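These notes concern the structure reproduced below.
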Amino acid sequence: MLNLKPETETNKMNRAFPEFEGELQQPSLLRRFAAMIYDAFLVAAIWMCTGFAAVGLNNGNVVDGPLFQSVLFLLTFGFFAYFWVRLGQTLGMQAWKLRVQTIDGKHISLRQALIRFMTAILSFACFGLGFFWMLFSANKATWHDSFSETQIVLLEKKK
């Protein structure tokens, strides 16, 4: 039977990713770090543009304080959440052929993105221990993978 109901935002985000040929593999820690460095440059650019705009709005004076820091924090989360939830990949992840997904191969939710983002901060705050955890984990999961019930997979090139 033909389904004429419009696709809702919830249905779009809960859909499975199209699979590539072959089995998906877990990426190495080095590949994950490479994607993070790429994304760090993009986040730094967002912060610089925000800083330029804030200084312009503040008559050329330096802008700092908790409000400005909160704006930068929200913009950073917005960057990651948008790409993780909508596409499954940030720009750095696309360059390094990585994708974040649920354990069963679907798009992650906004809630999972928030848990993943906050736990990744904790992983960094513990001198990267949450990232290095994947070297000892049976399923190669970092702290933020485990707590958000997500995984990073390595995508192979389409043939």
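For helix 110-125, report the angle its Cα long axis makes with the longest principal axis of the Cα atoms of the chain; keep it between 0 and 90° and round to the nearest 10°. The angle comes out at about 60 degrees. Straightening the chain between residue 118 and residue 37 buys 27.4 nm, computed as 0.36 nm per residue apart minus the Cα-Cα spacing. Working from Cα pairs under 8 Å separated by at least six residues, relative contact order for segment 49-118 is 25 percent.
Using Cβ point charges alone (K and R +1, D and E -1), the dipole size of segment 69-159 about the Cα centre works out to roughly 400 debye. Global size of the chain: 17.9, 63 Å for Rg and Dmax (C-alpha atoms, Rg to one decimal, Dmax whole). Ligands, DNA and RNA left out, the accessible area of segment 70-120 computed with a 1.4 Å probe is 71% carbon and sulfur.
Applying a 10 Å radius around every beta-carbon, put 66-75, 102-111, 89-98 in order of their mean neighbour count, most first. Write out the running numbers ahead of the final one.
Numbers: 66-75: 12.2, 102-111: 15.2, 89-98: 19.3.
The densest-packed peptide leads the list: 89-98, 102-111, 66-75.
Peptides 42-49, 112-119 ranked from most to least packed, by the mean per-residue count of other Cβ atoms within 10 Å: 112-119, 42-49. Working note: Karplus 6.51/-1.76/1.60 with θ = phi - 60° gives segment 49-63 the couplings 4, 5, x, 4, 5, 5, 5, x, 6, 9, 6, x, 8, 4, 10 Hz, where Gly and Pro are set to x.
Residue ranges 33-40, 58-65 sort as 33-40, 58-65 when ordered by packing (mean number of other C-beta atoms within 10 Å per residue, highest first). Residue separation of residue 75 and residue 94 scaled by 0.36 nm, minus their Cα-Cα distance, works out to 4.8 nm of gained length.
The values are calculated or read from the model by the stated rules, or taken from the named source; none is laboratory data. Values in this document were obtained by computation on a predicted structure and should not be read as measured data. So basically every Cβ, Gly included, is an ideal-geometry build from the backbone, and we count neighbours across all protein chains shown. Calculation scope for accessible area: heavy atoms of the full protein, side chains included, ligands and nucleic acids excluded. Shrake-Rupley method; radii C 1.70, N 1.55, O 1.52, S 1.80 Å.
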